Amino acid sequence: MEKHSVKEDWIAILTGTFITAQGLFFLQSAQLLTGGTAGLALLLAQLMPLSFGVLYFLVNCPFYILGWLRFGKMFAIRSIVSGAMVSVFTDHLDLVIHLDVVNDLYCAVVGGTLMGLGMLILFRHRSSLGGFNVMCLVIQDKWGISVGKTQVLIDCVIVIASFFFVTPWVVALSVTGAAIINLVLGMNHKPSRYIVSYG
């Protein structure tokens, strides 16, 4: 399969991170969680005096190193830039948009859909948001197991762990959002259908 050009990759990174940030904004607006390092950062943001963006970038740092070792320098650089952009976008969206009416279920569905689409764009352009996404890509690269399948397992563990900090209703909605993310990825990012080089 013909590789994307450098220009296409960076435009896609801008698009993917912006869409992902919109999804996170919907989840934050309803005080919902999700899986992966984003879920950890959302949870920690409720418990610590740091913003989501700062926590998200810090939690992802070890996984950028893993990405560098497994997929090479350019993949790691793209992922670092992508993670930083999502952090900045998410922390500053409240400057341009506010939700006066928040329906929790709608936020879970829309937030999950947008995050899944944003991550899909990044994956298809040799980037990621770091975190467990990198681990899932390593597993897919090595054993051919779909990103969506491994991601949903990790996400469920993280969301279930949040039972200690949020209400069962919030957990149920958060699981819904996480399931939608992984449904989008599972249906649209299969190794046999779309192959890219991470070099």
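A few points about this structure:
- Where helices (runs of 4 or more DSSP H) sit wholly within the stretch 66-184, those with at least 2 residues that are over 30 Å from K3 (Cβ atoms), of a type in the set (A, V, I, L, M) and out of contact with any helix residue (DSSP H, G or I) (no Cβ under 8 Å at 6 or more places or on another chain) occupy 147-161.
- Failed condition for V102, given (1) surrounded by fewer than 21 Cβ atoms within 10 Å (Cβ to Cβ); (2) within 26 Å of L69 (Cβ to Cβ); (3) in contact (Cβ under 8 Å) with a residue 24 or more places away in the chain: (2)
- Single residue of the stretch 138-156 satisfying the filter (out of contact with any Gly (no Cβ under 8 Å at 6 or more places or on another chain) and within 29 Å of L47 (Cβ to Cβ)) that is surrounded by the fewest Cβ atoms within 10 Å (Cβ to Cβ): L153
- Condition met for C61 (assigned to a helix (DSSP H, G or I), in contact (Cβ under 8 Å) with a residue 60 or more places away in the chain and surrounded by fewer than 17 Cβ atoms within 10 Å (Cβ to Cβ)): yes
- Tabulated pairs, the stretch 175-199, first under 18 Å from V157 (Cβ atoms) and of a type in the set (S, T, Y), second surrounded by 14 or more Cβ atoms within 10 Å (Cβ to Cβ) and at pLDDT 60 or above, C-beta under 6 angstrom, 6+ apart or interchain: T176/A108
- Inter-residue pairs, beta-carbon under 6 Å, first under 23 Å from L185 (Cβ atoms) and in the stretch 36-54, second small (G, A, S) and assigned to a helix (DSSP H, G or I), 6+ apart: L43/S162; F52/A41; F52/A45; G53/S87
- Tally of residues being more than 18 Å from M187 (Cα to Cα) and within 17 Å of the chain's Cα centre (by Cα) across the stretch 127-145: 8
- Number of residues in the stretch 1-46 that are within 13 Å of S127 (Cβ to Cβ) and of a type in the set (S, T, N, Q): the value is 3.
- Search result, residues across the stretch 20-54 that are part of a loop (DSSP other than H, G, I, E, B) and crowded, with 24+ Cβ neighbours inside 10 Å: L32, L33, T34, G35
- Residue count for the stretch 120-148 satisfying the condition of being touching a Lys or Arg at 6+ places or on another chain (Cβ under 6 Å) and closer than 19 Å to G53 by Cβ: 1.
- Of the residues making up the stretch 75-104, those that are of a type in the set (A, V, I, L, M, F, W, C) and within 19 Å of the chain's Cα centre (by Cα) number 11.
The values are calculated or read from the model by the stated rules, or taken from the named source; none is laboratory data. Model, not experiment: these values are computed from the prediction. Glycine also receives a Cβ, built like all others from the backbone with ideal geometry; neighbour counts cover every protein chain displayed.
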